[in-house]
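The values are calculated or read from the model by the stated rules, or taken from the named source; none is laboratory data. As the structure is a computational prediction, the values presented were derived from the model and not from experiment. Cβ sites come from the backbone with ideal geometry, for glycine too, and all protein chains shown count toward neighbours. The protein model used for the area step is the full one, side chains on, heavy atoms only, and it has no ligands, DNA or RNA in it. Shrake-Rupley method; radii C 1.70, N 1.55, O 1.52, S 1.80 Å.
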Amino acid sequence: MPTEVALLESRALRGEQMGRVDVLDQVKALVMLPDGIHVRTEDVARYFEVSTGAVRRLTDRHQEELAESGLRVLRGADLHAFHSDMMSLWGGEGVESYPQAATQLRLYPRRTVLNVAMLLRDSDIARCVRTYLLDAEESLRTQYASLDQRVTRIESCLTGVGSALQELGPVLVRMSERLDSLDRKVEVTHRVIGAMSLRLADVQQDVVRLDGRLDSFARQLKDLRRRSGQRG
């Protein structure tokens, strides 16, 4: 886990945290300009409870890095246009008290304010922001480690399943072959039973005919005996 000192010293580490602007409001409310996007040097100083001079000196020392995180310096026509926009957003109320920079104006979006928090050493508010960042990162690392362990266990289980399926494959093939053989035997048995049924039907007809002949023979024998008795 990176330490606060590492965060203060490493620009790369600071760059990794630029998306966590939500941390600012968790520590203290950041009052934005009417556009809802920017704050001025005075607003940054008020947020971190330091002097405007301290913020200006830090901005001068790290101008390139802060510019990458969104710092803008307005002059001339751009400055005039920005002031006009702010006064129109103010809606007429308090326009006269709206402070206007004479020659230039530094504008800090939330990303730049967060960047300042990771650079400003002599501010309790900045230290709180860094603590929140580091704690949140540690929490994310813990969650990632837990998720990684779960994925590893699942992969291990899948490996075992794969081996079992490989071993089960030949068994399933043999079972399929035996079932096919059994199907063929059952089919042959059905044909034999069908042939036997037809044969039994023929035998039944033969028996019926034989019964008829025996009945006829019995009647003839009875008649013969009756005639013989009459002659005697």
Study note, to complete from the structure: Counting only backbone N atoms under 12 Å from a point 7 Å out along Cα-to-Cβ of R61, the residues of region 4-25 in range are 8-9
Revision key, fill the gap. With all protein chains present and a 1.4 Å probe, the order of E177, E65, E42 from largest accessible area down is E177, E42, E65
Point to revise | Which of T112, T3 is most accessible, then next, and so on - probe 1.4 Å | key: T3, T112
**Study point:** Among 178-189, 19-30, the order from most to least packed when residues are scored by Cβ within 10 Å on average
**Key:** 19-30, 178-189
Point to revise | With all protein chains modelled, accessible area of M175 [1.4 Å, Å²] | key: 100
Revision key, fill the gap. Taking a crude spin-label model, label points 7 Å out from Cα along the C-beta direction, the K185 to S10 distance in nm is 7.2
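Using +1 on the beta carbon of Lys and Arg, -1 on that of Asp and Glu, and nothing else charged, what's the dipole of region 1-96 about the Cα centre, debye to 20?
260
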Review point. Roughly how many nanometres apart are two label points built 7 Å out from the Cα toward the Cβ at A136 and V73?
Key: 2.9
**Study point:** Highest average packing first - 118-127, 73-82, 195-204, 49-58, Cβ atoms within 10 Å
**Key:** 118-127, 49-58, 73-82, 195-204
